[in-house]
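The values are calculated or read from the model by the stated rules, or taken from the named source; none is laboratory data. The model shown is predicted, which means the values in this text are computed figures rather than measured ones. Note that we place each Cβ from the backbone using ideal geometry, even for glycine, and neighbour counts take in every protein chain shown. SASA here: full protein model, heavy atoms, side chains in, ligands and nucleic acids out. Shrake-Rupley method; radii C 1.70, N 1.55, O 1.52, S 1.80 Å.
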Amino acid sequence: MSKREKIIPLASLALLVTLLVFLSGFAFRHYHIWPTRDLLLLRQQVEFYRRFGHWGRENQFMKANVTSGDPRAVIKDAGEVMPGYRAIMGFDVALDTYSVRLLDPSGEQVHVWPTSYRALSGDTEATHEINPHGMQMMPDGSIVVNFAKGGPLMARIDACGEPLWTREGVYHHSIDIDDDGTLWTWFSPDTVSSPLQSILQMDADTGEHLSEISMEEVQAASQRNAVMLALPDGYRLSPVREIRRGLEDDIFHPNDVEPLRREFAPAFPDFSPGDLLISLRELDLVAVLDPESLAFKWAAYGPWIRQHDPDFTALGRIEVYDNATGRGRSGIISVDPASGDIRRFHTPPDSAWYSPWQGKQQRLPSGAHLITVPTQGRVVEISKNGEIVFEFNNIAGDGVNASVFNAVWLPEDYYETVPNCVAE
């Protein structure tokens, strides 16, 4: 056998092995076969270390914005900043877990609620903490929290972080409180990304489920509803399915529900107290739903992109956190549901504040907005004149911020006494 005749079979074998390795790699990734996920996480960690010089979980640390620096909370204009407390949820480097920190009107931290998923769930085998997501501050010094994807739990915890009650299940995104003290949130029997979703009303004292409106019921209420939800005739909502590229069948991704309270109802003559303002991220849809008839009283698809946190306001306008994913700048969009008038606020030059995912906004009595910027690990208060008057950076190291997921302003008289824990 000639040298050439010997080389051809070896070359063919090498080519076949290379092809098999390539196809195996493609199949492993496509079907999520071990160790694909571990290798992807390792790659993320290596990239994270290359960028920041230390290890950290995805979305737990990020490069700080150019304005970041000590001290952690800065009042930039004492004459314009809104008096009151600010509660901020994020990763707490000092505790090596997540927490909610309460800042007094001067920006000093006066209390902290540990929000450890492992502690609340009792899952001592969990290899890492899961970040909290929704947050509702209660006047008695307790808070209600739920957890992000992968953390099937909702809990009300006291001032020391001890559970008053816990409920297992996929409770997710925003938590809001009604005039009667009941809580509203989203719930799924499957996953955060499942088509099976329900608007859930809960007893704040016990965590008991009081009422539930499923997206299946909303779809079935009328053909108009099904069309508005972008569902074809005869489409049946079912548990999450694995489809091409391993993506989940995330057709709604609901991220907010808020009841119209009596104090704001006069500003919205076309709506009634108790009507529900909802946000469906994947449809760029913000809508007002009648919880009795399940009719949509109002709806708009944009101009926001992958939005979060729409709120009723005393001005008779609905204000929305416009993530503007892929545009490099986020903003607040205000719409009058009666006239259709649209305005944009606080869209900064370049990328002064931008979060392609998550985010919270709150209109303050002064006309300012308190804005959470998760992908920058910061919270800013922007005056009605467009100036940053307060800034919080969740500093984790030189040039690095830790994650921030939620923030809320509270009036100075919200608490009879500042929350206190004997362990402090």
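Quick notes on this structure:
- In the range 76-102, residue most open to solvent (accessible area, probe 1.4 Å) [restricted to those that are of a type in the set (A, V, I, L, M) and farther than 23 Å from GLY399 by Cβ]: ALA78
- Filter pass, SER193 being at pLDDT 95 or above, farther than 18 Å from MET89 by Cβ and within 20 Å of the chain's Cα centre (by Cα): no
Here is a yes/no grid of residues against (1) surrounded by 19 or more Cβ atoms within 10 Å (Cβ to Cβ); (2) farther than 23 Å from LEU183 by Cα:
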{"position": "LEU277", "(1), (2)": "yes, no"}
{"position": "VAL286", "(1), (2)": "yes, no"}
{"position": "LYS297", "(1), (2)": "no, no"}
{"position": "ALA300", "(1), (2)": "yes, yes"}
{"position": "TRP304", "(1), (2)": "yes, yes"}
{"position": "ALA314", "(1), (2)": "no, no"}
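- Odd one out for ALA159 among (1) under 22 Å from the mean Cα position of the chain (by Cα); (2) modelled with pLDDT of 95 or more; (3) open to solvent by 10 Å² or more (accessible area, probe 1.4 Å): (1)
- Here PRO195 clears all of (1) open to solvent by 20 Å² or more (accessible area, probe 1.4 Å); (2) in contact (Cβ under 8 Å) with a residue 40 or more places away in the chain; (3) farther than 30 Å from GLU263 by Cα except the condition numbered (1).
- Residues being modelled with pLDDT of 90 or more and part of a loop (DSSP other than H, G, I, E, B) - total across the range 96-113: 5
- Only one of ALA299, ALA338 that is more than 18 Å from the chain's Cα centre (by Cα), more than 21 Å from TYR171 (Cβ to Cβ), in contact (Cβ under 8 Å) with a residue 40 or more places away in the chain and not in a strand (DSSP E or B): ALA338
Residues checked against (1) hydroxyl-bearing (Ser, Thr, Tyr); (2) in contact with a helix residue (DSSP H, G or I) (Cβ under 9 Å, 6 or more places away or on another chain); (3) closer than 22 Å to ALA119 by Cβ:
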residue	(1), (2), (3)
GLY151	no, yes, yes
ALA155	no, yes, yes
GLY161	no, yes, yes
ARG167	no, no, yes
GLY181	no, no, no
SER188	yes, no, no
LEU196	no, yes, no
ALA204	no, no, yes
ILE213	no, no, no
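- Members of the range 361-407 found to be open to solvent by 10 Å² or more (accessible area, probe 1.4 Å) and assigned to a loop (DSSP other than H, G, I, E, B), listed by number: PRO365, SER366, GLY367, LYS384, ASN385, GLY386, GLU387, ASP398, GLY399
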